[in-house]
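Undergrad: This structure is in structure tokens; I'll ask about it shortly.
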Amino acid sequence: MKRVITITVLFQLLVSIAAIAQLNQTWQGKKCAVVITYDDAINEHLDNAVPLLDSLGLKATFYVTAFSTSVQTRMNEWKKLAPSGHELGNHTLFHPCIGGKGREWVQPEYDLNNYSVQRMVDETKMTNLFLQSLDGKTKRTFAFTCGDMKIADSSFIGGMKNDFVAARAVRNEMRKINEIDLYNIDCYMVNNHTAEQMIDWVKKAVQTNSLLVILFHGVGGGNGLDVSIPAHQKLLNYIKQNEKDIWVAPMVEVAEHVKKWQEKN
Ligand SMILES: [Zn+2]
């Protein structure tokens, strides 16, 4: 009887050790991963986000629209982000989206309804080449413009899986490592949220061992989808203060880790 109990206890101990070991591998020994992303390459990223990120030592992903006004006028500052450890992600050349009802701002020339898959692939590959000329890198991630993934009925990312480690969609969800679809990664889009609301997302990621991707557009202005400077600062400070539980890294780094994990498990 005593021996049976001893074996049972030993077995339970081994199961616990295996579970802890797997948890350690999941997010580099942390409880969750947080990827901070900024879309559309706007001046406020350079002016309001980068100095704070750098002062805290947090690395982010900037989804750059190559032909944006800010890249045209401040290219050298965008170029400096990569040596600082940030990722320059691909957010297309001209930011085309599906136009139509509710999207009256989409110009006909950049309406995905008027694009072919080939044109989208060409422009996106050209953007990769442009970004490579800035940072020298060949591994990169993509962010769907307006969350649009198709031209008519055809997905265009399928033909570019060799060009990208991952692609980010726009859907307010967070997932455990085994549930992540690398070419359709979920993210929480900030639209004038308070610091407390955003901190709740981080707390949920810690509790559920998930990947949380946060998407900013404006930071203290620059886009209607905005975050106030104090709320942005409070969130980033919270993430920094809880770094023992949170793995913070650019998307390309986290996506490569997820890919390896999924291949092994
Ligand atoms: Zn965008």
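Undergrad: Sorted from largest down, give the three principal axis spans of the alpha carbons of the chain, whole angstrom values.
TA: If we take the Cα atoms of the chain, the spans are 79, 41, 38 Å.
Undergrad: Setting aside same-chain residues fewer than 8 positions from Lys101, which lysines have a Cα under 20 Å from its Cα?
TA: Lys150
Undergrad: Taking the dipole about the Cα centre of the chain, with the C-beta of Lys and Arg at +1 and of Asp and Glu at -1, give me whichever of Thr8, Pro108, Ile239 is farthest to the positive side.
TA: The residue sitting most towards the positive pole is Thr8.
Undergrad: Over the Cα atoms of the stretch 99-151, what is the Rg over Rh ratio if Rh follows Kirkwood?
TA: 1.04
Undergrad: Find how much the distance from Asp181 to Lys79 grows on full extension, using 0.36 nm per residue of separation minus their present alpha carbon separation; answer in nm with one decimal.
TA: Length gained, Asp181 through Lys79: 33.8 nm.
Undergrad: Where the only charges are on Cβ atoms (+1 Lys, Arg; -1 Asp, Glu), what is the dipole of the stretch 80-192 about its Cα centre, to the nearest 20 debye?
TA: In debye, rounded to 20, the stretch 80-192 gives about 280.
Undergrad: A further question on this structure: Considering only the other residues whose Cβ falls under 15 Å of the Cβ of Ser228, what net charge follows from Lys and Arg at +1 and Asp and Glu at -1?
TA: Net local charge, Ser228 excluded: -3.
Undergrad: OK, next. Compute and list, largest first, the equivalent-ellipsoid semi-axes of the stretch 1-157 from the alpha carbon gyration tensor, each √(5λ) rounded to a whole angstrom.
TA: Equivalent ellipsoid semi-axes, largest first: 43, 23, 14 Å.
Undergrad: Same structure, new question: If the elastic network links every pair of Cα atoms under 10 Å, which of Ala152, Ala231, Ala33 fluctuates the most in the Gaussian network model of the chain?
TA: In this elastic network of the chain, the residue with the biggest mean-square fluctuation among Ala152, Ala231, Ala33 is Ala152.
Undergrad: Can you list the aspartates and glutamates whose alpha carbon is less than 18 Å from that of Lys260, not counting same-chain residues fewer than 8 positions off?
TA: Those aspartates and glutamates meeting the cut-off are Asp163, Glu179, Asp181.
Undergrad: While we're on this one: What net charge is computed for the residues neighbouring Val206, neighbours being all others with C-beta under 13 Å from the C-beta of Val206, Lys and Arg scored +1, Asp and Glu -1?
TA: +3
Undergrad: Another question about this same structure. With θ set to phi - 60°, apply the Karplus curve 6.51 cos²θ - 1.76 cosθ + 1.60 along the stretch 36-52 and write out the HN-Hα couplings as whole Hz, x wherever there is a Gly or Pro.
TA: 9, 10, 10, 9, 5, 6, 10, 4, 4, 5, 5, 7, 10, 8, 4, x, 5
Undergrad: Same structure, new question: Using the basic label-point model (7 angstrom from Cα toward the beta carbon), what is the Asn172 to Thr208 distance in nanometres?
TA: 1.3
Undergrad: Here is a follow-up. So if I restrict to the alpha-carbon atoms in the stretch 116-211, what is the Rg, and what is Dmax, the biggest pairwise distance, in Å?
TA: Taking only Cα atoms of the stretch 116-211, I get Rg and Dmax of 15.7, 43 Å.
Undergrad: Using the Cα centre of the stretch 29-264 as the reference point, and only Cβ charges (+1 on K/R, -1 on D/E), how large is the resulting charge dipole? Debye, rounded to the nearest 20.
TA: 740
Undergrad: Round to the nearest 0.05 the FRET efficiency obtained for Gln118 and Leu225 when R0 = 22 Å and r is the Cβ-Cβ distance.
TA: 0.15
Undergrad: Here is a follow-up. Can you pull the accessible area of Lys203 for me, 1.4 Å probe, Å² to the nearest 10?
TA: Result for Lys203: roughly 90 Å² accessible.
Undergrad: Now, a different point. Go through the stretch 87-152 and name the chymotrypsin sites (Phe, Trp or Tyr not before Pro) that are in a DSSP coil and have 11 or fewer other Cβ atoms within 10 Å of their Cβ.
TA: Hits after loop and neighbour filter: Trp105.
Undergrad: Pull up the DSSP beta bridges for the chain and report the antiparallel fraction as a percent, rounded to 5.
TA: 20
Undergrad: If the elastic network links every pair of Cα atoms under 10 Å, which of Glu243, Glu196, Glu104 fluctuates the most in the Gaussian network model of the chain?
TA: Glu104
Undergrad: Using a 1.4 angstrom probe, figure out how much accessible area the chain has per residue, in square angstrom, rounded to the nearest whole.
TA: 49
Undergrad: May I ask for the net charge around Arg74, where only other residues with Cβ less than 15 Å from the Cβ of Arg74 are counted and Lys, Arg are +1 while Asp, Glu are -1?
TA: Around Arg74, the charge tally is -2.
Undergrad: Report the residue, chosen from Leu13, Leu88, Leu129, that carries the largest GNM mean-square fluctuation when the chain is represented by alpha-carbon nodes joined by springs under 10 Å.
TA: Maximum fluctuation in the GNM of the chain, among the listed residues, is at Leu13.
Undergrad: Set the Förster distance to 45 Å, then compute FRET efficiency between Ser154 and Thr8 from the Cβ-Cβ distance, nearest 0.05.
TA: E(calc), rounded to 0.05, equals 0.20.
Undergrad: On the protein heavy atoms, probe 1.4 angstrom, tell me the percent of accessible surface of the chain carried by carbon and sulfur.
TA: C and S atoms contribute 54 percent here.
Undergrad: I've got another one for you. Amide H of Phe156 versus every other amide H placed in the peptide plane: which residues, excluding those fewer than 5 positions away on the same chain, fall under 5 Å?
TA: Amide H to amide H, under 5 Å and 5 or more residues apart or across chains, Phe156 pairs with Ile151.
The values are calculated or read from the model by the stated rules, or taken from the named source; none is laboratory data. None of these values were measured; they are calculated from a predicted model. Methodologically, a virtual Cβ is constructed for each residue, glycine included, from the backbone with ideal geometry; neighbour enumeration extends over all protein chains shown. Please note that ligands, DNA and RNA were not included when accessible areas were found on the heavy atoms of the full protein model with its side chains. Shrake-Rupley method; radii C 1.70, N 1.55, O 1.52, S 1.80 Å.
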